[in-house]
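Let me begin by presenting the structure, written as structure tokens, before commenting on it.
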Amino acid sequence: MPSPIPFGERLRSAMQASGPLCVGIDPHPALLEAWGLDDTAEGVRSFSLTVVEAMVGAAAILKPQVALYERFGSAGFAVLEETLAAAKSAGLLTLADAKRGDIGSTMAAYATAWLDDRSPLASDAVTLSPYLGFESLRPALDLAAATGRGVFVLGLTSNPEGPSVQHVGGENSVAKSIIDQVTAENSAAEDLGHVGLVVGATIGDAPEKLGIDLKASKAPLLTPGLGAQGATAIDIATSFASSYSQVLGTSSRDVLKEGPNVVALREKALRVRDELIAAG
């Protein structure tokens, strides 16, 4: 059986074909209401499948927010499984925004849930939290590599509370330690590795102050904060100057507010995508 194509290669191909945009599938109650949908699992289903339909050719990857499905229990997870399958059928990559992180057999179980071919929740990638120690993620790191999937590790987030943990240590910060270990995981990759980083679009000059070299990491860079949180494509291009070719500009509410009209959703995503391309 041939080895799977590494996630970094598959992601680069998707970025070249459809542009460097990640669109979140975030069925918040307020968005469901704005779309004229009930705040139920069936409403989330209609919302999710509409986004999948609209994003074909406009986004490199879709990022369903797992918590917004999980709140409906088994019915919500069934909708998430259907959404992931629909995206796969449409030729779209998926990133499950689950932010899992644990140790030992529990981490191995999370890895199996999100990255194993046999799981109905298997996605092309999953977000992970490294704050029980980077090596606690080993089951997911290794399974992702073996199955041609990826992970995105929280690195430098833009939430106000983030620096209180991530910046601690100055030149030897927690964030730098994590990103150095991601760099080691990706060392054999020619372009993008299978271990990505979540780096907020509005972090400004934090990498420079902390001595972090994002380009050297070879990590795909998921950059939440585009649009509704205030960052523009130009802002991201400026903050990520040397590593901009690795960036997945991430937009959720700014695109999703155009729904439920499929054409309007798609046109908005294309505008955001084209701004990201032009900024580079």
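The values are calculated or read from the model by the stated rules, or taken from the named source; none is laboratory data. In this text, all values refer to a predicted model and were calculated from it rather than measured experimentally. Cβ placement follows ideal geometry from the backbone for every residue including glycine, while neighbour counts extend to all protein chains displayed. Heavy atoms of the whole protein, side chains included, go into the accessibility calculation; ligands, DNA and RNA do not. Shrake-Rupley method; radii C 1.70, N 1.55, O 1.52, S 1.80 Å.
Which distance in Å, rounded to a whole number, links the C-alpha centroids of the stretch 1-67 and the stretch 82-126?
Between the Cα centre of the stretch 1-67 and that of the stretch 82-126, the gap is 13 Å.
How big is the dipole moment of the stretch 223-270 about its Cα centre under a simple scheme where the beta carbon of each Lys and Arg is +1, that of each Asp and Glu is -1, and everything else is neutral? Debye, nearest 20, please.
Numbers: 4 positive and 4 negative charges, 22 e Å.
So the magnitude is around 100 debye.
With charges set only on the Cβ (+1 for Lys and Arg, -1 for Asp and Glu), what does the dipole of the stretch 21-158 come to about its Cα centre, in debye to the nearest 20?
320
Can you work out the FRET efficiency for the pair A85 and R253, with r the C-beta to C-beta distance and R0 = 30 Å, to the nearest 0.05? Walk me through the intermediate numbers first.
Working: r = 25 Å, r/R0 = 0.83.
Calculated value: 0.75.
Not counting ligands, DNA or RNA, and with a 1.4 Å probe, what is K218's accessible surface area in Å² rounded to the nearest 10?
Its heavy atoms expose roughly 60 Å² to the probe.
Taking a 18 Å limit on the Cα-Cα distance, which of the listed pairs K63/K215; K176/K218; K176/K209; K176/K215; K88/K218; K63/K88 fall beyond it? Can you show the working numbers first?
Details: K63/K215 23 Å; K176/K218 14 Å; K176/K209 11 Å; K176/K215 13 Å; K88/K218 25 Å; K63/K88 13 Å.
Check vs 18 Å cut-off fails for K63/K215; K88/K218.
Please report how far the C-alpha centroid of the stretch 258-276 lies from that of the stretch 226-243, rounded to the nearest whole angstrom.
18
Semi-axes of the equivalent ellipsoid for the stretch 104-153, please: Cα gyration tensor eigenvalues, times 5, square-rooted, ordered largest first, whole Å.
Value: 16, 11, 9 Å, ordered largest first.
Net charge near N186, counting Lys/Arg +1 and Asp/Glu -1 over other residues with Cβ under 12 Å of its Cβ?
-2
Looking at the stretch 93-234, send over the antiparallel percent of its DSSP beta bridges, to the nearest 5.
DSSP beta bridges in the stretch 93-234 are roughly 0 percent antiparallel.
Dividing the Cα radius of gyration by the Kirkwood radius, what Rg/Rh value follows for the stretch 200-280?
When Rh is taken as the Kirkwood radius, the ratio is 1.02.
Work out the length of the dipole vector of the chain about its Cα centre, built from +1 on the beta-carbon of each Lys and Arg and -1 on the beta-carbon of each Asp and Glu, and round it to the nearest 20 debye.
Its charge dipole is roughly 220 debye.
Out of the GluC sites (Glu not before Pro) in the stretch 118-191, which ones are loop residues according to DSSP with at most 16 other C-beta atoms within 10 Å?
Answer by residue number: E161, E190.
At a temperature of 37 °C and a viscosity of 0.692 mPa s, determine how fast the chain diffuses translationally according to Stokes-Einstein, using the Kirkwood radius over alpha-carbon pairs as Rh; express D in µm²/s, rounded to the nearest whole number. Kindly include the intermediate steps, with their values, before the conclusion.
Numbers: Rh = 18.7 Å.
It comes out at roughly 176 µm²/s.
Considering the options A109, N159, A219, tell which one lies farthest towards the positive end of the dipole of the chain, charges being +1 on Lys and Arg and -1 on Asp and Glu at the Cβ, about the Cα centre.
Working it through, the farthest residue towards the positive pole turns out to be A219.
Would you please state the base-10 log of I(q)/I(0) at q = 0.12, 0.21, 0.23 1/Å for the stretch 144-254, with intensities from the Debye formula using one equal scatterer on every alpha carbon?
-0.38, -1.14, -1.32
Calculate one ³J(HN,Hα) per residue across the stretch 14-23 by plugging θ = phi - 60° into the Karplus curve 6.51 cos²θ - 1.76 cosθ + 1.60, and present them in order as whole Hz with x for glycine and proline.
Listing the rounded values in order: 5, 5, 6, 7, 10, x, x, 10, 10, 10 Hz.
Which value at 222 nm does the chain reach when only helices count, each DSSP H run of 4 or more adding -39,500 (n - 2.57), with the total divided by all residues and rounded to the nearest 500 deg cm²/dmol? Could you put the intermediate results ahead of the total?
Numbers: 13 runs with 125 residues, N = 280.
Estimated from H runs of four or more residues: -13000 deg cm²/dmol.
Taking 7 Å along the Cα-to-C-beta vector as the label spot, tell me the A216-S129 distance in nanometres, rounded to one decimal.
Label-label distance for A216 and S129, simple model: 2.9 nm.
State log₁₀ I(q)/I(0) for the stretch 1-107 at q = 0.10, 0.11, 0.19, 0.24 Å⁻¹ as given by the Debye formula over alpha-carbon point scatterers of equal weight, solvent excluded.
For the requested q values the scattering log ratios are -0.32, -0.38, -0.98, -1.26.
In Å², and per residue, what accessible area does the chain have when probed at 1.4 Å with the other protein chains present? Show your work: numbers first, answer last.
Details: 11770 Å² over 280 residues.
Averaged over the residues of the chain, the accessible area is 42 Å².
Select from S173, S217, S245 the residue whose mean-square fluctuation is largest in a Gaussian network model of the chain (Cα-Cα springs shorter than 10 Å).
Among S173, S217, S245, the largest mean-square fluctuation in the Gaussian network model of the chain belongs to S173.
Could you list which residues have their amide H under 5 Å from that of F152, counting only those 5 or more apart in sequence or on another chain, with H placed in the peptide plane?
Those lying under 5 Å, H to H, from F152 are V126, T127, L128, G196.
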